[in-house]
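Just so it is clear, none of the values below were taken in a lab; they were calculated from the coordinates. These numbers come from a predicted model, not from an experiment. Virtual Cβ from ideal backbone geometry, glycine too; neighbours counted across all protein chains shown.
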Amino acid sequence: MKNITTPLKKLFYLWRRSQVPIKQPIKISKIDNLIIFLICILISIISSYKLLLIAPLNLSNIFSWLFKFTETLISSGILILISKKENSTITSRQIILVTSFLLAVQAAKLAFASTISPLSTIIPPALIISQGMGSITALTWVSIASLSWPDPAIPIDNNLFFITLVCASVVSVLGGRIRSRAQLLQLSIFVPIGALLSQWILIGRNEIFSDCLILAIVMLFTILSIPIFESIFGLLTKARLLELADKEKPLIRRLSLEAPGTFEHTLLICGLAEEATRMIGGDIDLIKTGALYHDVGKLHAPNWFIENQDGSKNPHDEIDDPFKSAEVLQAHVDEGLKYARKSRLPKPIANFIPEHQGTLKMGYFFHKANEKNLKVNENDFRYKGPVPQSKETAILMLADGCEAALRAMNINASDDEALETISKIIFSRQNDGQLVDSDLSKGEIFLIKRAFLNVWKRIRHRRIQYPTTKNNTFS
Ligand SMILES: [Fe+2]
Ligand SMILES: [Fe+2]
């Protein structure tokens, strides 16, 4: 019997280790939950109340009302669940936005169903949702908004319904990938043209031209209003991410001038993190921007960090107080968050600041305090956290840990030696419980190690001196 249970135990252990760790649910306050619930109830009432107005009211009408009401309520719940799944850092404001859009569309269908084409009511919100919250959330929203009609008395043209669904789906998929405002403008021209042509072929009514013209105008206004939605609801669009990643931004310029060592470290981390994120299929634009800002807090005292010391005196040696030194290290997180607030950095970017350090131990100063026989509480020498809450912030933590080791590595070191160094650092972070909330699976961690190794190979290649002959001016 023992012979069977041991391999079974081993199999169970291996299976458990291969599973993604369970993540804490997103915290939303009670008041926000109540507001979201009330919006969902309102959507359900608007979508179904007309079924109760049919005279004479009989039991089957009440049943069909109840069915419609529950169906819409469940659909709204599914929309919220999917948006939470796709956006790990979603806020209650963003859930309120997405449900309010549904409420507005259902109300617009009731008020203007016979006068305004569904193209102009469904496509613009889909564009905003796909830009700020991703394609899957937008596609879910589009399917609920297209399928649920509050007024069954209005005959819906099947062809128009089909065209709306296709155009809104195209906008949802492309909207999540678009990386510049120029591409958005192109979308606002090509989608109405596409809708015009398909309506002309499938429907051929006179008013199709005005329908598509209204759609183009509404889409243009939507694009103009996206920055307002970004600031009010904290939406993080690709265009906003790329704007923030501009190295001419004042905070990044300051970092390059006042803390050049940290700036160099940041650039190398961007390379490591980008490669690893590409390997696991994460959000590359998010991590590139997050990596750029992760250590801005070091601007409060650049020369206290080794990369900026340039051979000059180390202030930590001068004060010779491990507790004070640990405070200075923690301050680079606290001050970083202050800089983030001042520069109005979106929350998903600001999250990189505390999460890249997690609750890591400041090993060097902890060791020093122990050496001095001081009364040491390990928590005084740990960052305040939280540990990485997303795959991207976890990758940044791992890249941050590996950067110095890879930079210092001997140019003649083999790939196996580099991989061993990377694996050791990543294993120590895992062992310390830093990755438990990050959703990174074992397979993804394996890919991250490979990605870091690829970047190391690139660095080594750059550092190899090529023999050049005199007067050799061609390249
Ligand atoms: Fe840091
Ligand atoms: Fe760093």
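Side notes on the structure shown:
- Net length available on complete extension from Glu420 to Glu258 is 54.9 nm, with 0.36 nm assigned per residue and the Cα-Cα distance removed.
- On Cα atoms only, tilt of 284-293 relative to the major axis of the chain in degrees: 50
- Distances between placed amide hydrogens fall under 5 Å for Arg382 paired with Met362, all partners being 5 or more residues away or on another chain.
- Label-zone membership for the range 167-204, site Ile228, 7 angstrom Cα→C-beta point, backbone N under 15 Å: none
- Dipole magnitude of the range 229-306, debye to nearest 20 (Cβ charges: Lys/Arg +1, Asp/Glu -1, about Cα centre): 100
- Angle in degrees between helix 92-112 and the longest Cα principal axis of the chain, rounded to the nearest 10: 20
- Size of electric dipole in the chain: Cβ of Lys, Arg +1 and of Asp, Glu -1, about Cα centre, debye, nearest 20: 660
- Net charge of Cβ neighbours under 9 Å - reference Leu268; Lys, Arg +1; Asp, Glu -1: -1
- At R0 = 22 Å, FRET efficiency that the Cβ-Cβ distance of Glu378 and Asp317 yields, to 0.05: 0.45
- Stretch in the chain that is longest and holds no trypsin sites (Lys or Arg not before Pro) that DSSP places in a loop and that have at most 14 other beta carbons within 10 Å: 28-176
- Lysine pairs in the range 28-239 whose alpha-carbon atoms fall under 30 angstrom of each other, counting only those eight or more residues apart or on distinct chains, come to 12.
- Qualifying GluC sites (Glu not before Pro) in the range 218-323, DSSP loop, other Cβ atoms within 10 Å at most 11: Glu248
- Multiplying the residue separation of Asn303 and Ala107 by 0.36 nm and removing their Cα-Cα distance gives an extension gain of 64.7 nm.
- 10 Å beta-carbon shell around Lys391, net charge (K/R +1, D/E -1): -4
- Dimensionless Rg over Rh [the range 322-361; C-alpha; Kirkwood]: 1.03
- Counting charges near Gly176 (Lys, Arg +1; Asp, Glu -1) among other residues having Cβ under 11 Å from its Cβ returns a value of +1.
- Mean projected area of the Cα convex hull of the range 61-214, taken over all directions, amounts to 9.4 nm².
- Pair-distance distribution of the chain: all C-alpha pairs, bin width 20 Å, starting at 0; shares per bin in whole percent are 20, 43, 28, 9, 1.
- Using the Cβ-Cβ distance between Leu447 and Phe162 with R0 set to 35 Å, the FRET efficiency works out to roughly 0.30.
- Only Cα pairs under 8 Å and 6+ residues apart enter the sum, and on that basis the relative contact order of the chain stands at 14 percent.
- Rounded tilt (10° steps) of 260-280 against the dominant C-alpha axis of the chain: 50
- Note: relative contact order over the range 209-362, using C-alpha pairs below 8 Å and six or more positions apart, is 23 percent.
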